[in-house]
Amino acid sequence: MDKAIRIAAGALLIVLAAAGVIGWWGWLGIVPLVTGLLSNCPLYRIFGINTCRLDKK
């Protein structure tokens, strides 16, 4: 679920920025898009957050 939300939010921001609907900051959508596609968020590791049900013990 987390992965899908990050991919969708990132893609939406990029599309809105490209269409000129929002400002340059919309290009920051690249960050959640890439972390969603790679299934790895460096901030989660720093803060000890794990959203993968299979890894929790």
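The values are calculated or read from the model by the stated rules, or taken from the named source; none is laboratory data. What you see is a predicted model, and the numbers here were worked out from it, not measured in a lab. Quick reminder, even Gly has a Cβ in these numbers, built from the backbone with ideal geometry, and neighbours come from all protein chains shown. Accessible surface areas use protein heavy atoms only, side chains included; no ligands, DNA or RNA. Shrake-Rupley method; radii C 1.70, N 1.55, O 1.52, S 1.80 Å.
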Exactly one condition in (1) free of Cβ contacts under 8 Å to residues at least 24 places away in the same chain; (2) open to solvent by less than 90 Å² (accessible area, probe 1.4 Å) is false for Phe47; which is it? (2)
Filter region 22-42 for residues that are open to solvent by 100 Å² or more (accessible area, probe 1.4 Å) and over 10 Å from Lys3 (Cα atoms); the one that is nearest to the chain's Cα centre (by Cα) is Leu28
